[in-house]
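In what follows, a structure is listed as structure tokens, so that the remarks can point back to it.
The values are calculated or read from the model by the stated rules, or taken from the named source; none is laboratory data. Bear in mind that the values here come from a model prediction, so they are computed numbers and not experimental data. Every residue, glycine among them, receives a Cβ derived from its backbone with ideal geometry; neighbour counts consider all protein chains shown. Each accessible area value is taken on the protein alone, full model and side chains, heavy atoms only, with ligands, DNA and RNA left out. Shrake-Rupley method; radii C 1.70, N 1.55, O 1.52, S 1.80 Å.
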Amino acid sequence: MLAVCCTGPSGGGLIRGRGLALAALLPDSCPLGKPMRMARPLEQAVAAIVCTFREYAGRCGDKHKLCQAELKELVQKELPTWTPTEFRECDYSKFMSVLDANKDGEVDFVEYVRSLACLCTYCHDYFKDCSPEPPCPQ
């Protein structure tokens, strides 16, 4: 469990875990906090997932959920390599309906993380039979 240090309009607070502060892992641009030490790559990845969601969520209403426009912007800006250039609005609607497990018309953090887990699983399956080192030229 991570300790989460957030500073918000009410002054924020600290939720303690195993002595590790999430705020210490976050980039300067993240509203959650400021880095205090060099984080490991996986710690940076977790912080990036949280910060990216928080950056896009709430523009259309609920600050803990992504509406379709927010999801579309997030995907286009943060995953440009994974977004087909020919994606149409109806494609985003279909993508939204797949991610929106509870069918409330928005994607909450859990639904967002599930989608990233699926993307990670796809990448793992795609590369699992690849050699860890490039072959030596002969």
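Please indicate, with yes or no, whether at least one residue in segment 18-25 is at pLDDT 90 or above and basic (Lys, Arg). Break it down into steps so the answer makes sense when it comes.
As a first pass, look at segment 18-25 and keep what is at pLDDT 90 or above: none.
No, there is no match, as no residue in segment 18-25 is at pLDDT 90 or above and basic (Lys, Arg).
Here Asp91 meets the list (1) in contact with an Asp or Glu (Cβ under 9 Å, 6 or more places away or on another chain); (2) closer than 24 Å to Asp62 by Cβ almost entirely, failing just condition (1). Need the failing condition index for Ala69 against (1) in contact with a Cys (Cβ under 7 Å, 6 or more places away or on another chain); (2) open to solvent by 90 Å² or more (accessible area, probe 1.4 Å); (3) among the aliphatic types (A, V, I, L, M), just the number. Every listed condition holds for Ala69 apart from (2).
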